[in-house]
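Peer 1: Supplied in structure tokens, the structure appears directly below.
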Amino acid sequence: GTATAGGSSRSFARSLPRPVSTLVVAEHEGGFVKPSSLSALAAAEAIGKDDNRVSLLLGGSGPGLHKAAEHAASSHPLVSEVLVADSDVFAHPLAEPWAELLRSVQHKGGYSHVIASSTSFGKNLLPRAAALLDVSPVTDVTSISEPRVFVRPIYAGNALCTVRYTGEDPCMMSIRSTSFSPTEAMSEAKVAPITQVDLSFLSEGSSGKSAWVNLKSQDTERPDLANAPVVVTGGRGLKSAENFKVLEQLAEKLGAAVGATRAAVDAGFVPNELQVGQTGKIVAPELYMAFGVSGAIQHLAGMRDSKVIVAVNKDADAPIFQVADYGIVADLFEVLDELLKKLPDK
Ligand code: FAD
């Protein structure tokens, strides 16, 4: 257009903030919204507090879904609506039908932002849904400076990059749950209405090429690695699966989750889901204890944001000591023995 009298009003219009509305894609388990999704809500709050219409999307079937929907409805004062996609198709984290669901919900709601947490599910779903909506997603956001300006780590966390999203709405993003603390649910939080999503878009082919086979999860009382306040990690220095059992005893005493390096996983000491790092889980507990871990950058990428880091390694030059708050240059087996003797049972 041409700038006649509109010159000043145009620049005024440009400085007006665009309205925001956010769709949070939530995961649930055992009738509750998962903590990682509550972190996604905290990210929605960072995008806009006052004029941000926040809808939370849940999918699945059965009583667990309905309980989770009730939890979601009072999970955060910003939530104005809980959308429930009630179908077996969404009971498992299959990205294909979920991406179609997201497209349909977005077309109806016209959100400016769509947020998911960078869980295995979120990482799988977001790019597919973004492709269906013809936008480019911003992944692994760790901080939000403006509604469309984000900080995200690059080069395995060795640099932080600030990006401005200049594409069409919706701005789709995944967030690192360790960077956004879930807001405590307010006791007087308003209860948001729960709405059923119209699923007429579903067709025979919605589940695409993947099918759900089964879920194998460790039967353990221990906290989930990604959210545990204390993590004890073993590296190649532990030398065997047998020795990891000793580490588990320590975890038991500390109420901690057990983690591992990729070298320990590759050596077959522990299953893959315990891996911490660039290609494993990202953790930021209050206390991170590393036994026989050298501190490769790919490992540090997954734990360097921990509040207090303790490292035990017999090599005084191991790079892990550069990020450790407390370092013990010693044989890890001796230290483990002593800790187990001195620590009371939980
Ligand atoms: P090592 O480097 O072998 O270190 C073992 C340490 O134990 C040594 O420092 C040694 O001094 C010490 N030690 C041995 N015996 C004892 C003892 N008795 N007492 C005390 N200390 C002892 N790694 C990850 O962890 N997570 C990832 O997600 C990850 N992603 C990767 C992605 C890519 C693309 C690549 C290329 C690599 C990735 N890696 C990852 C691998 C990473 O580069 C390292 O190889 C790995 O982290 C090393 O594991 P480690 O520290 O257990 O083993």
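Peer 1: Just name the residue that is farthest from H92 (Cα to Cα) out of those in region 120-142 that are in contact (Cβ under 8 Å) with a residue 40 or more places away in the chain and not aliphatic (A, V, I, L, M).
Peer 2: K123
Peer 1: Give the number of residues within region 279-297 that are near the ligand (Cβ under 6 Å from one of its atoms) and either touching a Cys at 6+ places or on another chain (Cβ under 7 Å) or under 19 Å from G157 (Cα atoms) (or both).
Peer 2: So the count comes out to 5.
Peer 1: Looking at (1) free of Cβ contacts under 8 Å to residues at least 40 places away in the same chain; (2) under 26 Å from P319 (Cα atoms), which one does V163 not meet, given that it meets all the others?
Peer 2: Of everything listed in (1) free of Cβ contacts under 8 Å to residues at least 40 places away in the same chain; (2) under 26 Å from P319 (Cα atoms), V163 misses just condition (2).
Peer 1: Further question on the same structure: Working carefully through the options Q218, Q196, find the one that is open to solvent by 20 Å² or more (accessible area, probe 1.4 Å) and modelled with pLDDT of 95 or more.
Peer 2: Q196
Peer 1: Would you mind finding the one in L336, L300, L332 that is within 7 Å of the ligand (Cβ to nearest atom) and under 22 Å from K239 (Cα atoms)? It would help to see each step written out before you state the result.
Peer 2: Values: L336 fails: within 7 Å of the ligand (Cβ to nearest atom); L300 fails: within 7 Å of the ligand (Cβ to nearest atom).
Only one candidate qualifies: L332.
Peer 1: For the subset of region 168-188 comprising residues that are open to solvent by less than 30 Å² (accessible area, probe 1.4 Å) and either hydroxyl-bearing (S, T, Y) or out of contact with any Phe, Trp or Tyr (no Cβ under 6 Å at 6 or more places or on another chain) (or both), which member is modelled with the lowest pLDDT?
Peer 2: F180
Peer 1: Here is a further query. Report yes if V84 is over 20 Å from S200 (Cβ atoms), open to solvent by less than 10 Å² (accessible area, probe 1.4 Å) and out of contact with any Lys or Arg (no Cβ under 6 Å at 6 or more places or on another chain), otherwise no.
Peer 2: no
Peer 1: Return the total of residues in region 48-60 being modelled with pLDDT of 95 or more and either polar (S, T, N, Q) or part of a helix (DSSP H, G or I) (or both).
Peer 2: The number of residues fulfilling the criteria is 1.
Peer 1: If we keep just the residues of region 10-30 that are at pLDDT 95 or above and farther than 11 Å from I115 by Cβ, which is most open to solvent (accessible area, probe 1.4 Å)?
Peer 2: Per the stated criteria, the residue is H28.
Peer 1: Follow-up question, since we're still on this one. Quick one: in region 145-156, of everything that is open to solvent by 30 Å² or more (accessible area, probe 1.4 Å) and either of a type outside the set (D, E) or closer than 29 Å to G295 by Cα (or both), which residue is modelled with the lowest pLDDT?
Peer 2: Y155
Peer 1: Would you please list the contacts, defined by Cβ atoms under 9 Å and residues six or more apart or on different chains, that run from a residue in region 259-278 that is more than 8 Å from the ligand (Cβ to nearest atom) to a residue that is among the charged types (D, E, K, R) and part of a loop (DSSP other than H, G, I, E, B)?
Peer 2: Sorted first by the residue in region 259-278, then by its partner, the pairs are A267/K239; F269/K239.
Peer 1: Would you mind stating whether S207 is open to solvent by less than 70 Å² (accessible area, probe 1.4 Å) and among the hydroxyl-bearing types (S, T, Y)?
Peer 2: Here the answer is yes, as S207 does meet what is asked.
Peer 1: Quick one: how many residues across region 124-143 are open to solvent by less than 30 Å² (accessible area, probe 1.4 Å) and part of a strand (DSSP E or B)?
Peer 2: Qualifying residue count for the region: 2.
The values are calculated or read from the model by the stated rules, or taken from the named source; none is laboratory data. Fair warning: this is a prediction, and the values are worked out from it, not measured in the lab. Please note: Cβ atoms are built from the backbone with ideal geometry, for glycine as well, and neighbour counts cover all protein chains shown. Note: areas computed on protein heavy atoms with side chains; ligands, DNA, RNA excluded. Shrake-Rupley method; radii C 1.70, N 1.55, O 1.52, S 1.80 Å.
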